[in-house]
Every structure is written in structure tokens, then in C-alpha cells.
Ligand code: SAH
């Protein structure tokens, strides 16, 4: 890929600055910070936007979707880990695959579901470029999860849901954690921890994601 070579020389240093900023913003999990340092964010963007890859902003990708801002990606990954190792993780909303690639560095296996077929093809190209071996994708409405692979010890939803889908709750293992933006226009980042007896919900900060939509496109 031409843009890997094109700004490859400076991107390592630029990423280091991004990681310094993430620390200043309160990200503490060294495993997450290492993943953010390693994954080249600029390859996920079209050439015209690649120079802005390490700014702390969300940016447009194709098909009217967005790549989340680095802080939000790091924050959600830190919350999902909760300081512990992750085995099997489900992500809803692959998009360009940036968050997926970060997850692939902090979990043993990652399953990611996307409803827009051409976006999934683009993401798969990125996974090949990065030689990720532990990521599997599925084209589907992610609200239903992947029952045949469940349970997951981590579920991350990267689109805004009006409510927490029942199927996803069911597919969370006991002791597992789900991170999901809940709400329509503006959402509240919500952490769900499944215990033997309950789903414990904690509402965190406000976030803004594109909406979770039904069906496939
Ligand atoms: N994880 C991405 C963010 C992608 S934006 C990143 O790293 O930046 C959110 C994605 O969720 C979009 O690609 C959108 O198509 C997808 N999406 C929305 N509703 C969905 C659904 N029901 N099932 C699967 N994917 C969905």
C-alpha cells in the first residue's frame, strides 16, 4: 500500500506523540497503550485524510461511516479489558477495522460483525496488510451477535444503540464485560458486567457514534 510507505517514516514518531497524549488524557492500561503505539492508524484512511490520522478526532471513512477518535478507541478498549486478559471478543461495527486491529492485539480471538458489505471488504484488506491472524469477520446485523460462537468474555459495540440488544447480553459470559454506547443522537458510554446473578450497568461519559441500524446493506 502506497500510503504505508509514504508516511511510514514519520508515523512511528507521530504515533508516539499520540500515545503521550492518550496518557495525558487518562489512559493508564499499558497493554492498550502498546497496541495504540503499534497499529498504524493512517492506513485505515483514504489518502487525502491520512495526514490527519493521529489527530484526536473521528474522521469520515466510506459509506457515510466514521473511524472513531483515538481517545475513544483507547478508552473503550481499556474498559473492555478491565485490567485483565481477554480471550474471545465480539465487536459490532467493523467499519474500516481500526478498532478491530487494536482488539486483535489485546485479545486471543476477535470476531467482528459489519452490516455494510463493501466496508467489510475494505477492512479485510487492512487485516491482510497487517497480517492479523486472529480476526474473523461476518456480514450481518450485529444486534443478534454470533450465537454459534458465544459466549464472549468481551463485547464491544462501536455504533450507537437505542437499547442494549438482548441477544448480546445473553452471549456475554459470566464475568464478561460489554462496552456499548446507548442512546440515539448522543449516547452514554455504558459498561455492562455480567456476574452470576445480574448484569451490572455503569453509565460513563457522553459519546457520539453513528447509529446501530438493522438489516444488512
Ligand atoms: N469500529 C470502527 C467504527 C465504525 S463506525 C472504528 O474502528 O473506527 C460504526 C460501524 O457500525 C459502521 O461501519 C456501521 O455500518 C456499523 N453498524 C451499524 N449498525 C450495525 C449493525 N446492526 N450490525 C453491524 N454493524 C453495524
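Every read-out reported here was derived from the displayed coordinates using simple, explicitly stated rules and does not represent laboratory data. Nothing here was measured: the structure is a model prediction, and the numbers come from that model. So basically every Cβ, Gly included, is an ideal-geometry build from the backbone, and we count neighbours across all protein chains shown.
Which three extents, in angstrom, do the Cα atoms of segment 58-207 have along their principal axes, listed largest first?
Rounded to whole Å, the extents work out to 42, 33, 26 Å.
Run the helix sum for the chain: -39,500 (n - 2.57) per DSSP H stretch of 4+ residues, divided by residue count, reported at 222 nm to the nearest 500 deg cm²/dmol.
On the way: 8 runs with 74 residues, N = 217.
That comes out to -9500 deg cm²/dmol.
Normalised radius of gyration for segment 54-100, please: alpha carbon Rg relative to 2.2 N^0.38 Å, two decimal places.
On the way: Rg = 11.9 Å, N = 47, 2.2 N^0.38 = 9.5 Å.
Expressed relative to 2.2 N^0.38 Å, the Cα Rg reads 1.25.
From the C-alpha gyration tensor of segment 40-118, pull out the three semi-axes of the equivalent ellipsoid (sqrt of 5λ each), sorted largest to smallest, in whole Å.
Working: eigenvalues 98, 46, 19 Å².
Equivalent ellipsoid of segment 40-118: 22, 15, 10 Å, largest first.
How far apart, in nm, are the 7 Å Cα→Cβ label points at residue 144 and residue 216?
1.0
By how many degrees, between 0 and 90 and to the nearest 10, does the Cα long axis of helix 70-81 differ from the longest principal axis of the chain?
40
With a/c under 1.5 counting as rounded, go ahead and sort segment 119-217 into rounded, prolate or oblate using the C-alpha gyration tensor (a ≥ b ≥ c being the square roots of the eigenvalues; past the cut-off, prolate if a/b is larger than b/c, else oblate).
Note, shape of segment 119-217 comes out oblate.
When only C-alpha pairs under 8 Å and at least 6 residues apart count, what is the relative contact order of segment 58-207, in percent? Display every interim value, and only then the final one.
On the way: 303 pairs, mean separation 27.8, N = 150.
Result for segment 58-207 is 19 percent.
Set the Förster radius R0 to 30 Å, insert the Cβ-Cβ distance between residue 47 and residue 87 as r into 1/(1 + (r/R0)^6), and round the FRET efficiency to 0.05. Kindly include the intermediate steps, with their values, before the conclusion.
Working: r = 37 Å, r/R0 = 1.22.
Efficiency, from the Cβ-Cβ distance: 0.25.
Provide the percentage of antiparallel DSSP beta bridges, counting only those with both residues in the chain; round to the nearest 5. Could you put the intermediate results ahead of the total?
Numbers: 15 of 36 bridges.
Restricted to the chain, the bridges split so that about 40 percent are antiparallel.
Across segment 19-75, what fraction of all alpha-carbon pairs, as a whole percent, falls in each successive 5 Å bin from zero upward?
Pairs per bin, as whole percents: 4, 19, 30, 23, 15, 7, 2.
What's the ranking of 114-120, 125-131 by average number of surrounding C-beta atoms within 10 Å, highest first? Could you put the intermediate results ahead of the total?
Numbers: 114-120: 19.9, 125-131: 15.1.
The most tightly packed comes first, giving 114-120, 125-131.
How would segment 158-215 be classified by its alpha-carbon gyration tensor: rounded, prolate or oblate, with rounded meaning a/c under 1.5 and the a/b versus b/c comparison settling the rest? Could you put the intermediate results ahead of the total?
Working: a/c = 2.84, a/b = 1.55, b/c = 1.83.
The shape class here is oblate.
Rounded, prolate or oblate: which fits segment 112-158 when a ≥ b ≥ c are the square roots of the eigenvalues of the alpha-carbon gyration tensor, with rounded for a/c under 1.5 and prolate only if a/b beats b/c?
Details: a/c = 2.32, a/b = 1.39, b/c = 1.66.
Here segment 112-158 falls in the oblate category.
So, R0 is 41 Å and r is the distance between the beta-carbons of residue 129 and residue 206; what FRET efficiency does that work out to, to 0.05?
0.75
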